[in-house]
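Heads up: the structure comes next, in structure tokens.
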Amino acid sequence: MDIQQIKQYKSAFDAIAEEILDDNGNAIEVWYARQLQQLLGYARWENFSVAINRAIESCNVQGNSVDDHFREVTKMVQLGSGSVREISDFMLSRYACYLIAQNGDPKKIEIAFAQSYFAVQTRNAEIIEERLQLLSRLETRERLRSSEKQLSQNIYQRGVDDKGFGRIRSKGDTALFGGVSTENMKRRLGVKSGALADHLPTLTIAAKNLATEMTNYNVEQKDLRGEHPITSEHVQNNHSVRDMLLQRGIQPENLPASEDIKKVERRVAREEKQLEKKSHKLPKTKNNE
């Protein structure tokens, strides 16, 4: 998602925020679920209600008061015939909106935006963009973990133990990084501990994941067995991915290190914990409805 898309989404989400007075007479922002539904790409209220109910359950599980963040209300809407009908809705705090986004369809780009929009508590598009990039890197790293775990399981069934898996992965790295070994890449990037992938930029993590997924696919399709043929397959796939990057002027071994993914995970988790404390709570009175 580029900065222009982010600004467009931000304007749309800003537009549906409403100001009401809290119990101390201070103006706070709230959102209504029916309006949020449309921006999050849900055509049917019944489907969106599933995300709301999951968010309410999540709020409960985390030990927070549901009433502070979710207020069920009713509204009168005009039908095409000119008559009016009563519908259910929810008044939502920022924290409630964040939980709904967390429990929404992760394949929707609107959901990814909303998670950052409601988490950072800012109207600054650049800060929202930065958080989206962090989340993208976390998601890409998790996909690599998953594909490497699958590869480990696949090749174990084909006669390769954990040490063999380590050798296969290392030789794949050497192919991807143009002859630079995993250990030498760690030295280049100043990695003192942990996995090399935890310090790589999103693009390189994605490249490693693509090569690993290709290996997984061919190991299964060709029923490769034994360390040597699987190593050959993995090295070839990493060479192919490297060639693709080089064609676009990208040398993965020369890309700078990124922040340790473990630190990013801790910071994102800390921000999420702080969100509930910083989010304005809905007023106890219902005069604002």
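Among the residues of the range 59-76, are any polar (S, T, N, Q), free of Cβ contacts under 8 Å to residues at least 40 places away in the same chain and in a helix (DSSP H, G or I)? Checked against the condition, which is being polar (S, T, N, Q), free of Cβ contacts under 8 Å to residues at least 40 places away in the same chain and in a helix (DSSP H, G or I), the range 59-76 yields at least one hit. One residue stands out among those in the range 142-173 that are among the hydroxyl-bearing types (Ser, Thr, Tyr) and touching a residue at least 12 places away in the same chain (Cβ under 8 Å): the one that is surrounded by the most Cβ atoms within 10 Å (Cβ to Cβ), which is Ser147. Test Phe118 against the stated conditions and say whether it is in contact with a Lys or Arg (Cβ under 6 Å, 6 or more places away or on another chain), outside any strand (DSSP E or B) and closer than 20 Å to Glu265 by Cα. When the stated conditions are applied, Phe118 passes them. Quick check, is Arg242 more than 30 Å from Trp31 (Cβ to Cβ) and not in a helix (DSSP H, G or I)? Against the criterion (more than 30 Å from Trp31 (Cβ to Cβ) and not in a helix (DSSP H, G or I)), Arg242 does not qualify.
State whether the residues of the range 205-221 include one that is in contact with a Lys or Arg (Cβ under 9 Å, 6 or more places away or on another chain) and farther than 25 Å from Lys163 by Cβ. Checked against the condition, which is being in contact with a Lys or Arg (Cβ under 9 Å, 6 or more places away or on another chain) and farther than 25 Å from Lys163 by Cβ, the range 205-221 yields at least one hit.
Considering the range 1-31, and only residues there that are out of contact with any His (no Cβ under 6 Å at 6 or more places or on another chain) and among the β-branched types (Val, Ile, Thr), the residue that is surrounded by the most Cβ atoms within 10 Å (Cβ to Cβ) turns out to be Val30. The set of residues in the range 1-56 that are assigned to a strand (DSSP E or B), of a type in the set (A, V, I, L, M, F, W, C) and in contact with an Asp or Glu (Cβ under 9 Å, 6 or more places away or on another chain) comprises Ile20, Ala27, Ile28, Val30, Trp31.
In the list Leu200, Leu210, which residue meets the criterion of being more than 14 Å from Ala175 (Cα to Cα) and touching a helix residue (DSSP H, G or I) at 6+ places or on another chain (Cβ under 9 Å)? The match here is Leu200. Checked across the range 215-222, the condition of being of a type in the set (Asp, Glu) and touching a helix residue (DSSP H, G or I) at 6+ places or on another chain (Cβ under 7 Å) holds for at least one residue.
One line per residue, one yes/no per condition, for (1) surrounded by 18 or more Cβ atoms within 10 Å (Cβ to Cβ); (2) of a type in the set (A, V, I, L, M, F, W, C); (3) at pLDDT 80 or above:
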| residue | (1), (2), (3) |
| --- | --- |
| Glu86 | no, no, yes |
| Arg94 | yes, no, yes |
| Leu99 | yes, yes, yes |
| Asn103 | yes, no, yes |
| Pro106 | no, no, no |
| Arg123 | no, no, no |
| Glu130 | no, no, yes |
| Arg137 | yes, no, yes |
| Thr140 | yes, no, yes |
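For beta carbons closer than 8 Å, sequence separation of 6+ or different chains, a first residue in the range 249-267 that is assigned by TED's automatic domain parsing to the domain that holds Lys208 and a second that is loosely packed, with under 13 Cβ neighbours inside 10 Å and of a type in the set (D, E, K, R), there are no qualifying pairs. Checking each residue in the range 97-130 for being within 11 Å of the chain's Cα centre (by Cα) and without any contact (Cβ under 8 Å) to a residue 60 or more places away in the chain picks out Gln102, Pro106, Lys107, Gln115, Ser116.
The values are calculated or read from the model by the stated rules, or taken from the named source; none is laboratory data. The structure displayed is predicted, hence computed values, not measured ones. Counting neighbours? That spans all protein chains shown, and the Cβs are built from the backbone with ideal geometry, glycine included.
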